Amino acid sequence: MKLRLRVLLAEREWEQKDLVERTNLTNRAVSDLYNEKTKSYTKNTLSELVNAFEITDMNELFKIVETEKE
């Protein structure tokens, strides 16, 4: 699964700083999410994102992607 943060921000014409202002997430946390450096998500982080983006369906937050098999 891949977080659709870039898409969600673009759809709303928000920048990372706008998301920081709308959540209790730090600049670093939002930057790590945006740059796909975060491999797992806490319940609090997901809750902050869902509330900020007013998401009602988790499919809006994540995209299912296939991974390459070694």
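Some notes on this structure:
- Of the residues making up region 54-70, those that are free of Cβ contacts under 8 Å to residues at least 12 places away in the same chain and closer than 16 Å to Met1 by Cα are Asp57, Met58, Asn59, Glu66, Thr67, Glu68, Lys69.
- When Glu70 is tested against the conditions (1) at pLDDT below 95; (2) surrounded by 10 or more Cβ atoms within 10 Å (Cβ to Cβ), the lone failure is (2).
- Listing of helices (runs of 4 or more DSSP H) fully contained in region 1-42 that carry 1 or more residues being at pLDDT 95 or above and more than 17 Å from Phe62 (Cα to Cα): 16-22, 27-34
- Against the test of being over 17 Å from Leu9 (Cβ atoms), surrounded by 11 or more Cβ atoms within 10 Å (Cβ to Cβ) and free of Cβ contacts under 8 Å to residues at least 60 places away in the same chain, the options Asn51, Asn35, Asn24 yield a single qualifying residue, Asn24.
The values are calculated or read from the model by the stated rules, or taken from the named source; none is laboratory data. No experiment lies behind these values; they were computed from the predicted model shown. All Cβ positions, even for glycine, are placed from backbone atoms using ideal geometry, and neighbour counts span all protein chains on display.
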